[in-house]
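Worksheet for the structure shown next.
Throughout, read-outs are computed from the coordinates displayed, never taken from laboratory work. Here the structure is a predicted model, which means the values were calculated and not measured. Glycine also receives a Cβ, built like all others from the backbone with ideal geometry; neighbour counts cover every protein chain displayed.
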Amino acid sequence: MNTRNQLFAAMAAALTLFLAIPGSATADVTEAQIAAAKTPADHEAIAKAYDAEAAAAEAKAKAHEGWPGHTGRAVRPRPVRRPWSGTAID
């Protein structure tokens with residue numbers, strides 16, 4: 001087996017493993033469920049689903065805080081410099 005085939009096999013295996021990982025454990029709330037909610041228990045179930053989704057998002061954000069270069073603010077792109085004109089375009 002040559003190097004190209006080994007690389008292709010490794011990429012296929014990685015893709016297979018990636019697709020085998022289940023998605024988020026939170027249940028998606030549909031508009032139909034929201035419209036059909038009549039009892040306090042129905043509304044509580046919807047609220048719990050949103051709370052679980054928020055907790056998962058907060059955990060993901062907390063995990064990403066330690067990444068190199070993370071400052072917690074948006075990064076503004078550098079201006080484009082045109083050396084022949086001596087001006088910068090933002």
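A few remarks follow.
- Reachable lysines from Lys38, criterion Cα separation under 22 angstrom, eight or more residues apart if same chain: Lys48
- Long-range tail of P(r) for region 23-62 (Cα pairs > 11 Å, %): 65 percent
- Pairwise FRET efficiency - Ala55 versus Val80, Cβ, R0 = 41 Å, nearest 0.05: 0.50
- Region 33-42 - phi-based ³J(HN,Hα) in whole Hz, Karplus 6.51/-1.76/1.60, Gly and Pro as x: 5, 5, 5, 7, 5, 10, 9, x, 5, 4
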